[in-house]
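Asks: Got a structure for you, questions after.
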Amino acid sequence: MNSTITTSKQNTLSSSQEPVFAEPWEAQAFALAVKLSEQGLFTWSEWTTALAAEISLAKDQEEPDFGDTYYHYWLSALEKLLLEKSILDSTDIKARTEQWSRAYQTTPHGQPIELSTGIKQQII
Amino acid sequence: MSNHDHQTEPPSEVELKVKALESLLVEKGLVDPAALDELIDRYENRVGPRNGAQVVARAWVDPKFKAWLNEDATAAIASLGFTGRQGEHMKVVENTPHIHNLVVCTLCSCYPWPVLGLPPVWYKSAPYRARAVMDPRTVLEEFGTKLGADVEIKVWDSTSEMRYLVLPEQPPRTEGWSAEELEPLVTRNSMIGVEKALTPDNT
């Protein structure tokens, strides 16, 4: 692996000012895993094993991994662990994701997005 | 003008997935949205490398604290109020004129959150994970850290069981400084081990 770590002196200095989370969903995914573990739904060791497995999978598939995709792995690890532990069901996750998608698509711009909008759409 | 012009742009797949997981977990009573917000606020605003800088500066001025840190880092760090997830099993590794320590997590990104906050993007990248172990000297040079040939580099691989904090060498020309004066010289990168602490001339 010859690619340099994007760490010229300048990048290093500027990176210390980088925001903790690049996007709000990363913060939400982060908080969910930490909270669920704190509440005993899985141990921290189970969590790091699940996360390491996702990162290793990406490596096997030769995905470029420069650290900016980290929370994608985090989220996949969380979903798999929730399914593995039978905390959530894959059908429910799929249905709920679609409901949220519809809620976004049918909410006028500037209005708060509410899940009920997506559910109503589904019924209609 | 079609209705579409007024509708909210659909978010990305990952955003929808997070919303789906969170709303299902909230409905099941497994998470409290307010607790999630509180946790995010903590990591965005209150936990960060300034905590670690306090630990390091204290060790520089207080030999008893430094001895405690070497013996039982978890307890010594907790005595300053820095506890929590990923800080349960801490080990402090001390740089000397002949030993330079470097921390990595080769499997994921274990990192001592209570003292350093969440890791920078490069720490989580595949090139850093691989090259810090295989070729640490070159990695250090990329950070502008040149070490003499007589300095041994020790690489520590963090795990969920053990997380490392580098105790950098106290910079030259700071003898007699107080902990408060020394703290700004302690950077995040110096506590990961990719750089040295700042000197009084380059702050």
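The values are calculated or read from the model by the stated rules, or taken from the named source; none is laboratory data. None of these values were measured; they are calculated from a predicted model. Ideal geometry is used to build each Cβ from the backbone, glycine not excepted, and the neighbour counts take in all protein chains shown.
Asks: List the number of the failed condition for A:PHE21; all other conditions in (1) within 8 Å of chain B (Cβ to nearest Cβ); (2) assigned to a helix (DSSP H, G or I); (3) at pLDDT 90 or above hold.
Replies: All conditions pass for A:PHE21, except number (2).
Asks: On to the next question. Which members of region B:90-121 meet the condition of being surrounded by fewer than 23 Cβ atoms within 10 Å (Cβ to Cβ), hydrophobic (A, V, I, L, M, F, W, C) and either within 11 Å of another protein chain (Cβ to nearest Cβ) or part of a loop (DSSP other than H, G, I, E, B) (or both)?
Replies: Result: B:LEU107, B:TRP113, B:LEU118, B:VAL121.
Asks: Separate question: Give the residues of region B:79-89 that are closer than 14 Å to B:GLY52 by Cβ and either more than 14 Å from chain A (Cβ to nearest Cβ) or of a type in the set (D, E, K, R) (or both), sorted by residue number. Let's see the steps before the verdict.
Replies: In the first step, residues of region B:79-89 are kept if they are closer than 14 Å to B:GLY52 by Cβ; the result is B:80-84, B:86-87.
Residues satisfying the conditions are B:LEU80, B:GLY81, B:PHE82.
Asks: Something else: So, in region A:85-96, how many residues would count as being assigned to a helix (DSSP H, G or I) and either surrounded by 17 or more Cβ atoms within 10 Å (Cβ to Cβ) or touching a residue at least 12 places away in the same chain (Cβ under 8 Å) (or both)? Let's see the steps before the verdict.
Replies: Our first condition is that a residue be assigned to a helix (DSSP H, G or I); within region A:85-96, this holds for A:90-96.
With the extra rule that they be either surrounded by 17 or more Cβ atoms within 10 Å (Cβ to Cβ) or touching a residue at least 12 places away in the same chain (Cβ under 8 Å) (or both), the set shrinks to A:93, A:96.
Looking only at that region, the number is 2.
Asks: What is the residue count in region B:134-151 for residues that are within 11 Å of another protein chain (Cβ to nearest Cβ) and of a type in the set (A, V, I, L, M)?
Replies: Within region B:134-151, the subset within 11 Å of another protein chain (Cβ to nearest Cβ) is B:134-135, B:138-145.
Right, trim to of a type in the set (A, V, I, L, M) and you get B:134, B:139-140.
Within region B:134-151, residues that are within 11 Å of another protein chain (Cβ to nearest Cβ) and of a type in the set (A, V, I, L, M) number 3.
Asks: Hey, can you tell me all the residues within region A:49-90 that are at positive phi and more than 7 Å from every other protein chain (Cβ to nearest Cβ)?
Replies: The initial filter retains those residues of region A:49-90 that are at positive phi, namely A:62, A:67, A:86.
Of everything in region A:49-90, those that are at positive phi and more than 7 Å from every other protein chain (Cβ to nearest Cβ) turn out to be A:GLU62, A:SER86.
Asks: Pairs needed: first member in region B:50-74, under 14 Å from B:LEU165 (Cα atoms); second member anywhere, of a type in the set (Lys, Arg); C-beta distance under 6 Å; at least 6 residues apart or different chains.
Replies: Sorted first by the residue in region B:50-74, then by its partner, the pairs are B:ALA59/B:LYS66; B:ALA73/B:LYS91.
For every residue, the table says whether it meets (1) part of a helix (DSSP H, G or I); (2) in contact with a Pro (Cβ under 8 Å, 6 or more places away or on another chain); (3) modelled with pLDDT under 95.
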residue: B:LEU140; (1), (2), (3): yes, no, no
residue: B:THR145; (1), (2), (3): no, no, no
residue: B:ASP150; (1), (2), (3): no, no, no
residue: B:ILE153; (1), (2), (3): no, yes, no
residue: B:SER160; (1), (2), (3): no, no, yes
residue: B:TYR164; (1), (2), (3): no, yes, no
residue: B:GLU183; (1), (2), (3): yes, no, no
residue: B:MET191; (1), (2), (3): yes, yes, no
residue: B:VAL194; (1), (2), (3): no, no, no
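Asks: For region B:148-203, which positions are surrounded by 22 or more Cβ atoms within 10 Å (Cβ to Cβ) and at positive phi?
Replies: Within region B:148-203, just B:GLY193 meets the criteria.
Asks: Is it fair to say B:THR138 is touching a residue at least 12 places away in the same chain (Cβ under 8 Å) and either surrounded by fewer than 19 Cβ atoms within 10 Å (Cβ to Cβ) or under 28 Å from A:GLN61 (Cβ atoms) (or both)? Can you show your working first?
Replies: Details: touching a residue at least 12 places away in the same chain (Cβ under 8 Å): no; either surrounded by fewer than 19 Cβ atoms within 10 Å (Cβ to Cβ) or under 28 Å from A:GLN61 (Cβ atoms) (or both): yes.
Against the criterion (touching a residue at least 12 places away in the same chain (Cβ under 8 Å) and either surrounded by fewer than 19 Cβ atoms within 10 Å (Cβ to Cβ) or under 28 Å from A:GLN61 (Cβ atoms) (or both)), B:THR138 does not qualify.
Asks: Pick from region B:42-67 the residues that are surrounded by 13 or more Cβ atoms within 10 Å (Cβ to Cβ) and charged (D, E, K, R): which of them is nearest to A:GLN39 (Cα to Cα)?
Replies: Keep residues of region B:42-67 that are surrounded by 13 or more Cβ atoms within 10 Å (Cβ to Cβ), which gives B:42-44, B:47-62, B:65-66.
Those still in the list that are charged (D, E, K, R) too: B:42, B:44, B:50, B:58, B:62, B:66.
Details: B:ARG42: 17, B:GLU44: 21, B:ARG50: 28, B:ARG58: 34, B:ASP62: 38, B:LYS66: 34 Å.
Ranking the candidates gives B:ARG42 first.
Asks: Within region B:121-131, is even one residue closer than 20 Å to B:PRO49 by Cα, free of Cβ contacts under 8 Å to residues at least 40 places away in the same chain and either of a type in the set (D, E, K, R) or not assigned by TED's automatic domain parsing to the domain that holds B:LEU69 (or both)? Spell out the reasoning first.
Replies: Filtering region B:121-131 down to residues closer than 20 Å to B:PRO49 by Cα leaves B:121-125, B:128.
Subset that is free of Cβ contacts under 8 Å to residues at least 40 places away in the same chain: B:121-122, B:124-125, B:128.
If we keep only those that are either of a type in the set (D, E, K, R) or not assigned by TED's automatic domain parsing to the domain that holds B:LEU69 (or both) as well, we get B:124.
Yes: one or more hits.
Asks: Look through B:GLU169, B:GLU142, B:GLU181, B:GLU161 and report the one residue that is over 27 Å from B:THR83 (Cα atoms), among the acidic types (Asp, Glu) and assigned by TED's automatic domain parsing to the domain that holds B:LYS66. If you could, list the steps in order and put the result at the bottom.
Replies: On the way: B:GLU169 fails: over 27 Å from B:THR83 (Cα atoms); B:GLU181 fails: over 27 Å from B:THR83 (Cα atoms); B:GLU161 fails: over 27 Å from B:THR83 (Cα atoms).
Of the residues listed, the single one that is over 27 Å from B:THR83 (Cα atoms), among the acidic types (Asp, Glu) and assigned by TED's automatic domain parsing to the domain that holds B:LYS66 is B:GLU142.
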